[in-house]
Amino acid sequence: MPSLFVIRGNDQGTRFDLSEERMGIGRDPANAIQVHDSEVSRHHAEVRFHERRHVLVDLGSSNGTYVNGRRITQAELATGDHIQIGRTVLLYTGLTAETAEDAAFSVDISAPTPAEEPSHIVHAITQEEGSRLLDPAAVLPPDSWLARARSNLQVMYRTALAVSRTLDIDQLLQRIMDLIFEWIEADRGCIMLVDPETKALTPKVRRTRHKARPDEKITISRTILDYVMNRREGVLTSDASQDRRWDPAASILQAGVREAICTPMQGRYDVVGVLYVDTTISPQQILQTGQETKFKEDHLKLMIAIGHQAALAVEDTRYYSAMVQAERLAAIGQTIAVLSHHIKNILQGIRGGSYLIEMGLTEHDESIIRRGWNIVEKNQAKISALVMDMLTFSKEREPDLRPANLNQVVSDVVELVQPRAAEMHVEIHVQLAETMPEMVFDPEGIHHAVLNVATNALDALADRPEGKTGKVEIHTDYDGRLARVHVRDNGPGIPPEEIENLFRPFVSTKGARGTGLGLPVSQKILLEHGGRIYVQSEPGQGTCFTLELPVVLPTAASSQTAAH
C-alpha cells in the first residue's frame, strides 16, 4: 500500500496509507491526513491518484509545499521523496509490485530428493571476500565486468540511496530487487527474511522478468539455503556438472534452471535473510543461440555487497521500530507512575478532610465540618485541574478562533488570581497596552495559558523569606506584528540547569503542589496559535514568562478563510 510516513514533526512515526483517489493534507480534522502543525494550513495540500501515479497538489497554502527541498504547486511523487509542509516532513513510498503474501505463495523451498543431474556449484566465497568489491584499493583487470561496475559510482550510490531513504522494510526489499534486476540479467529472483520468532526463512519479495509468466513458481533447494545460511557464504550454482561437495542424491535446483546465485544478507550481528536470482534458459536455447553463461563470479561478489547493504538497512529499520515501541512503553509507564503519585497525594488530602467532617458530625461542631469541607474542596479543585490539564495536553484540538481582546483576557485572569494574591500578601501590578487591537484567537485557550503562568508566579512567592514583599507584574505590549503577555515575579528564580526541563510533561519544581502539566499545556496552546512561550530567569532575581502571539486581525482572518 502506498503511504506517507512522518519522519519529522509532532506526528513523527505516524503512517498514512494512501487508499483513496483524493486525500487532503492539513490541520483541519476533515482531512484524511491530519497534521498537527501550527505552520500548516487547515487545507494545505492534496494527494491525487491518477493513472497509477500519485500527484501532490498545493492548495494555496500560506507557507508552501516542498518536495525534496523545492517549492511546488503540483508534482508527481516518486518513492523516497521527502515532502515538507510547515515543520513536518513526510516520506513517500509508492506502489509495490506484489505483497509478501504473494511472494510466499509463489516461492517454494524443495527438500533434498534424488536427482539425475545434480547442480554444480561453480564458486563459493565468504562475506569478507564479497565485501572487497567496495574496497577502492582492490586490483581488478581493467576489462573485467566488475571493474566497469565499480567504476560506475552510480551503482553503489543508488544502492546506498535506496537503503537510506526507506523506512518500510517491504518497500526497501522491493527497491533492492528492482536494482538487482537492473544490474544483473536474471530471469527470476526473490528475497527471503529470517522470521525473528520462528527463525524460518519467509519469502518477502518475488520478481520475474518474463511478463508472460508472472505466476511461475520459484523452487529453491533447501540444500543450497542451508549451505548459505550455515556457512554465510554466497554461492553460484550450475546444472552443467556435478559438484563433489554435494550428496549425489541432493536436488539442487529444478524446473530447468541452469544457473543461480544465492547470497546471505549478512548484518552486523547475524544473517537476516538471503538474496536469490536464477536463469531459466534451457539447454536447447543454449545450443540454438550459443549464448554464454550469464552469471560470473563478479556478479556473485556484487550480490554479496548488495545483500550486506540491504541487511544493514533491515537491521536499522527493525531497531528503529523497536526503539519507538520501547519509548512509547516507557512514556506510558512514566505517565502512570507520575499520575499515581499526584492522585495519591490528592486522595490523602481528601481523606484528611473527610476525617475532619466525620469528627465534626460526631461532635456536632460546625467549625470542624467547615474546615474539613475546605480541605476536600481544595483537593477536588486539584484533581479537576489535573484532569483538565491531561485532556488539554493529550487531546488534539483546534483553537476556537474568534475576535477577542487580549487585554480583556488578561484582566479576567488578574481578577481570578487577585483573591489568592491578597491572601498571600502579594502585590499584583498590571499595565495593559493602550494600542492593543481586537484580534482573532481562542480566548478560552489563551486565558488558560495565562492563568497557568500567573498561578506559577504566585506559587514561586509562596516560600519567600519572611518580611520580603512579593510582587507579580503583568503587562501586555503590541508591535503591529506580535502581541505579548509578560508575567514577572520577584521570587527565587530558576536555576539554569532546570530551565530546559520546564516544558517537559510531569516535570515540576513545586513538589506535591504541582502536576508538571501547567507549562506544557500553556506551550501547547501557544503553538496551536502559531506562537511561543519563553522564560528568562536568574537565581535570586525572579522570573519572567513571555507569551507571544502572532497578530491576526478580523479582516485578515476572513480573507484567509475565504482563500481556503
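The values are calculated or read from the model by the stated rules, or taken from the named source; none is laboratory data. Since the structure is predicted, the reported quantities are computational estimates derived from the model, not experimental observations. Note that each Cβ is placed from the backbone with ideal geometry, even for glycine, and that neighbours are counted across all protein chains shown. We work out accessible area using only protein heavy atoms, side chains counted, and drop any ligands, DNA or RNA first. Shrake-Rupley method; radii C 1.70, N 1.55, O 1.52, S 1.80 Å.
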Cβ-Cβ under 6 Å pairs, at least 6 apart or on other chains, the stretch 365-383 side farther than 18 Å from L347 by Cα, far side loosely packed, with under 15 Cβ neighbours inside 10 Å and not polar (S, T, N, Q): I368/M359
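For the stretch 24-46, how many residues meet the condition of being part of a strand (DSSP E or B) and open to solvent by 10 Å² or more (accessible area, probe 1.4 Å)?
Within the stretch 24-46, the first condition is being part of a strand (DSSP E or B), and the residues that meet it are 24-26, 33-34, 45-46.
Still in the list and also open to solvent by 10 Å² or more (accessible area, probe 1.4 Å): 24, 34, 46.
Summing the residues that are part of a strand (DSSP E or B) and open to solvent by 10 Å² or more (accessible area, probe 1.4 Å) in the stretch 24-46 gives 3.
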The stretch 69-85: number of residues that are hydroxyl-bearing (S, T, Y) and touching a residue at least 24 places away in the same chain (Cβ under 8 Å): 1
The stretch 190-224, subset surrounded by fewer than 23 Cβ atoms within 10 Å (Cβ to Cβ) and small (G, A, S), residue modelled with the highest pLDDT: A200
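Pick from the stretch 47-90 the residues that are of a type in the set (D, E) and open to solvent by less than 70 Å² (accessible area, probe 1.4 Å): which of them is nearest to L527 (Cα to Cα)? Break it down stepwise before answering.
Initially, the stretch 47-90 is screened for residues of a type in the set (D, E), giving 51, 58, 76, 81.
From what is left, the residues that are open to solvent by less than 70 Å² (accessible area, probe 1.4 Å) are 58, 81.
On the way: D58: 23, D81: 27 Å.
Out of the qualifying residues, it is D58.
Quick check on V324: is it of a type in the set (A, V, I, L, M, F, W, C) and modelled with pLDDT of 85 or more? Steps first, answer last, please.
Values: of a type in the set (A, V, I, L, M, F, W, C): yes; modelled with pLDDT of 85 or more: no.
It is false that V324 is of a type in the set (A, V, I, L, M, F, W, C) and modelled with pLDDT of 85 or more.
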The stretch 181-202, residues that are outside any loop (DSSP other than H, G, I, E, B) and free of Cβ contacts under 8 Å to residues at least 24 places away in the same chain: E182
Any hit, the stretch 518-533, residues being modelled with pLDDT under 75 and surrounded by 21 or more Cβ atoms within 10 Å (Cβ to Cβ): yes
For T237: the one exception among (1) at pLDDT 50 or above; (2) open to solvent by 60 Å² or more (accessible area, probe 1.4 Å); (3) not basic (K, R): (2)
Single residue of the stretch 345-371 satisfying the filter (among the β-branched types (V, I, T) and open to solvent by less than 100 Å² (accessible area, probe 1.4 Å)) that is farthest from A381 (Cα to Cα): I368
Residues of the stretch 244-262 classified as modelled with pLDDT of 80 or more and in contact with an Asp or Glu (Cβ under 8 Å, 6 or more places away or on another chain), total: 3
